[in-house]
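Reading through the structure tokens given below for one structure.
The values are calculated or read from the model by the stated rules, or taken from the named source; none is laboratory data. Worth saying up front: this structure is predicted, and the values here are computed from it rather than measured. No Cβ is skipped: glycine too gets one built from the backbone with ideal geometry, and neighbour counts run over all protein chains shown. What goes into the accessible areas is simple: the full protein's heavy atoms, side chains included, and nothing from ligands, DNA or RNA. Shrake-Rupley method; radii C 1.70, N 1.55, O 1.52, S 1.80 Å.
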Amino acid sequence: MLNNKGKHRRASKAVRVATLAGVAGAAVAVPLMGASSASAASVETWDAVAQCESGGNWSINTGNGYYGGLQFSNSSWAAAGGTQYAERADLATKSQQIAAAEKLLAIQGPGAWSCAGAGNLTAGGPSPDLDTSGKAPQGNTGEKAEKPAPAPAPEKSQPAPKSNGSGNYTVKSGDTLAKIAKAHGTTWKALYADNKSVIGGNPNLIIPGQKLDV
């Protein structure tokens, strides 16, 4: 028989091994048995215990050897039949963790949890209404999330002209240097050379309102 002092969370490694050795036969058979009303607790009670044990985080895995909302060690999780749901408690749903906790409660009693007092956990509560189907959402599967595609670099624009100039021709919408040059009997290259300080570095970029020397 198990010793109720062998808490699944706080006991030393040696005690945990000794406890498991004492239930070597029960570890296979007991998890398959439903917990009776004499060794049960409500979902609200388990929530209170989890709040004390893990801050109510049912998928917590801090790397300290204890997992899930009720902080199962891997050995106590296996002994309570939790491996039928998931490899570790943090990978199981809340209902699955409570179902395993019910079995551990039947095996070890409230003393298996150091937070039993904080949650008012007793062995004589009502059986919880649980749905142990489904899988827990995985918060960290080890896969790297896809990075969003980088935003396109802004198009480089030519330096803005220093002023609109003071020439004798005002650029209108739809004008090009070639069109203006043709209308005034010159070339766009000559027109650009005379007005580069107004137009800027791109001869294809002239702005309505600029005044060009023609």
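At-a-glance table
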| item | result |
| --- | --- |
| 2 or more residues out of contact with any Leu (no Cβ under 7 Å at 6 or more places or on another chain), open to solvent by less than 40 Å² (accessible area, probe 1.4 Å) and modelled with pLDDT of 75 or more: qualifying helices (runs of 4 or more DSSP H) within the range 90-204 | 94-108 |
| Residue in the range 49-71 that is open to solvent by 50 Å² or more (accessible area, probe 1.4 Å), in a helix (DSSP H, G or I) and within 17 Å of K135 (Cβ to Cβ) present | no |
